[in-house]
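Undergrad: I have a structure here, written as structure tokens, and I will follow up with some questions on it.
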Amino acid sequence: MSRGQLSMLPIERLQKSNTIENLWIYILALLKKRKIYAWEIPAVIEQELGFKPGKITPYRVLYRLEKVGFVKSEIKERRRIYQITEKGQKELKKAKKFYQVVIKWLEN
């Protein structure tokens, strides 16, 4: 654990691990709603979720998601646009179920 992580409050650590460190969940959720260009992702996430991912991070995450088949892309008007695949939708459902189990457990 780094020195910075030791000084983080538990809620700060929770927020970081459930936002920036798991950006793929939010990207898949955005793509479930509509096709999106990579450059749009940081602004949409900041506006809708209140945190700002790095400028390069969404591109790296999209690359990895596409590599394993969770998203696919196409060139449209000289720009790459992304959409979720069926495999990506299934993975998003697994993430949602995971969070539901955690929340249910916390409520008891």
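Read the figures in this text as sums done on the coordinates, not as results from a lab. For clarity, every value in this text was computed on a predicted model and none was experimentally measured. Cβ coordinates were reconstructed from backbone atoms using ideal geometry, including for glycine residues, and neighbour counts include every protein chain displayed.
Undergrad: Within 13 Å, Cβ to Cβ, of residue 58, how many net charges do the neighbouring residues add up to if Lys/Arg are +1 and Asp/Glu are -1?
TA: Values: positive: 52, 55, 60, 64, 80; negative: 40, 46, 66.
Every neighbour counted, the sum reads +2.
Undergrad: Let me ask another. Give the residue list of GluC sites (Glu not before Pro) in region 18-108 that are DSSP loop and have at most 12 other beta-carbon atoms within 10 angstrom. It would help to have the intermediate numbers written out before the result.
TA: Values: sites: 21, 40, 46, 48, 66, 74, 77, 86, 91, 107; in loops: 77.
The qualifying sites are 77.
Undergrad: Okay, moving on. Taking the Cα centre of the chain as origin, work out the dipole magnitude from +1 charges on Lys and Arg Cβ and -1 charges on Asp and Glu Cβ, in debye rounded to 20. Let's see the in-between values first.
TA: Details: 24 positive and 11 negative charges, 76 e Å.
I would put it at about 360 debye.
Undergrad: On to the next question. Within region 33-108, report the chymotrypsin sites (Phe, Trp or Tyr not before Pro) that DSSP leaves as loop and that have at most 15 other Cβ atoms within 10 Å.
TA: Values: sites: 37, 39, 51, 59, 63, 70, 82, 98, 99, 105; in loops: 51, 70.
When the chymotrypsin sites (Phe, Trp or Tyr not before Pro) of region 33-108 are filtered for loop state and at most 15 Cβ neighbours within 10 Å, 51 remain.
Undergrad: Does anyone have the angle between helix 57-67 and the longest principal axis of the chain? Alpha-carbon axes, 0 to 90°, nearest 10?
TA: Computed tilt is about 70 degrees.
Undergrad: Still on this model: Filter 33/67; 35/96; 32/55; 33/76; 33/104; 16/76 down to the pairs with a C-alpha to C-alpha distance above 24 Å, please.
TA: On the way: 33/67 21 Å; 35/96 20 Å; 32/55 22 Å; 33/76 18 Å; 33/104 26 Å; 16/76 33 Å.
In this structure, 33/104; 16/76 lie more than 24 Å apart at Cα.
Undergrad: In deg cm²/dmol, rounded to 500, what helix-only [θ] at 222 nm does the chain give when every DSSP H run of at least 4 residues adds -39500 (n - 2.57) and the total is split over its residues?
TA: On the way: 6 runs with 65 residues, N = 108.
Helix-only estimate at 222 nm: -18000 deg cm²/dmol.
Undergrad: OK, next. In degrees from 0 to 90, rounded to the nearest 10, what is the angle of the helix 86-107 Cα long axis to the longest principal axis of the chain?
TA: Orientation of helix 86-107: about 20 degrees from the principal axis.
Undergrad: Modelling each spin label as a point 7 Å along the Cα-to-Cβ direction, I'd like the residue 94/residue 29 distance in nm, to one decimal.
TA: With each label point 7 Å from Cα toward Cβ, the separation is 1.8 nm.
Undergrad: Where in region 44-74 are there trypsin sites (Lys or Arg not before Pro) that are in a DSSP coil and have at most 16 other Cβ atoms within 10 angstrom of their Cβ?
TA: Details: sites: 55, 60, 64, 67, 72; in loops: 55.
Here the trypsin sites (Lys or Arg not before Pro) that fit, given the DSSP loop and packing criteria, are 55.
Undergrad: Scan (i) 1.14; (ii) 1.24; (iii) 1.02 for the value of Rg/Rh (Cα atoms, Kirkwood Rh) calculated from this model and give just the label.
TA: (iii)
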